[in-house]
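*Asks:* I'd like to ask you about the structure that follows.
The values are calculated or read from the model by the stated rules, or taken from the named source; none is laboratory data. Here the structure is a predicted model, which means the values were calculated and not measured. We place every Cβ from the backbone using ideal geometry, glycine too, and count neighbours over all the protein chains shown.
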């Protein structure tokens, strides 16, 4: 495949684009690529970092939320996927595949489409949020619903890619971590000093990537990872055979980056703790109603953990919100108020609006 289809590394404005450059172009000196590589980008990265005034007052610390749902497909997965798919093109792969609880599927499908590659995703049957499934299908990926859980799906795609020339783009792919570490670079650039990072933990690739990024940037905040109580193998130390939680993105019982995540937690003097579905949903609603930020349930685990366990003496804290709320519209509708019916006249509208 010719690299003529891809931007060649010059600044975004010079190649006819708008806004910021994608993260590979932005951090090319800190990533394993050259400017003349066939870089596949949707101009991911450079996501908003918003001061969370209400949460700050509640926990007695300066709290910011990193809104990764502002990435092109609505989740942090785009950071790693642009790197994994770029490498797949560079190596001559004709297809990419992943196991996914949803966000990886959406991102892999989008970047495969962008690169002109075939994409396939294996998802747990009936366990993927509607928004994510719609994305994967719209981007043209072959979507396979496995009658099993995520951990079984990942085992199978690893076996499949051992037998066929297909690029595996799950977080076991080291290029995924290379892309995801750039979020740590952005936090250091914007905040300078950071005492702690709160982050949801599912397959544990993201917490591993953040620690890698912080180390490379010469920073060492404490990492506090939060798992859903029904899917908390890193907390219990035991694989969870049948993980269950409303937070589908972190419904994982045997994280692929288990050891690396525990190392990151230990080296950073942090901790990995559990939050209940009720606590996750409380934080989910609070973020939307008090801070104006709509994230998916799994994302809210970082804030749920901070609210539950406190800032532990840390003065400046960032919470990673991994995906947009529109990823899971069904949960949002179940957790919010009802729509008010109204007749088409002023009196009825006044009554409906003013109560």
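*Asks:* Looking at (1) surrounded by fewer than 17 Cβ atoms within 10 Å (Cβ to Cβ); (2) in a helix (DSSP H, G or I); (3) in contact (Cβ under 8 Å) with a residue 12 or more places away in the chain; (4) in the same structural domain as residue 297 (by TED's automatic domain parsing), which is the only condition residue 193 fails?
*Replies:* (2)
*Asks:* Given the conditions (1) in contact with a helix residue (DSSP H, G or I) (Cβ under 7 Å, 6 or more places away or on another chain); (2) under 25 Å from residue 249 (Cα atoms), and given that residue 114 satisfies all but one, which numbered condition is not satisfied?
*Replies:* (1)
*Asks:* For the range 99-111, state whether one or more residues are more than 23 Å from residue 168 (Cβ to Cβ) and assigned to a strand (DSSP E or B).
*Replies:* no
*Asks:* Ok, one more. From (1) at pLDDT 95 or above; (2) within 30 Å of residue 253 (Cβ to Cβ); (3) not assigned by TED's automatic domain parsing to the domain that holds residue 255, pick out the condition that doesn't hold for residue 100.
*Replies:* (1)
*Asks:* If I go through the range 159-178 residue by residue, how many of them are over 23 Å from residue 208 (Cα atoms) and part of a loop (DSSP other than H, G, I, E, B)?
*Replies:* 3
*Asks:* Only one of (1) surrounded by fewer than 24 Cβ atoms within 10 Å (Cβ to Cβ); (2) under 24 Å from residue 49 (Cα atoms); (3) not assigned by TED's automatic domain parsing to the domain that holds residue 241 fails for residue 142. Which number is that?
*Replies:* Against the list (1) surrounded by fewer than 24 Cβ atoms within 10 Å (Cβ to Cβ); (2) under 24 Å from residue 49 (Cα atoms); (3) not assigned by TED's automatic domain parsing to the domain that holds residue 241, residue 142 comes up short only on (2).
*Asks:* Given the criterion more than 23 Å from residue 240 (Cβ to Cβ) and at pLDDT 95 or above, identify the matching residue among 133, 137.
*Replies:* 137
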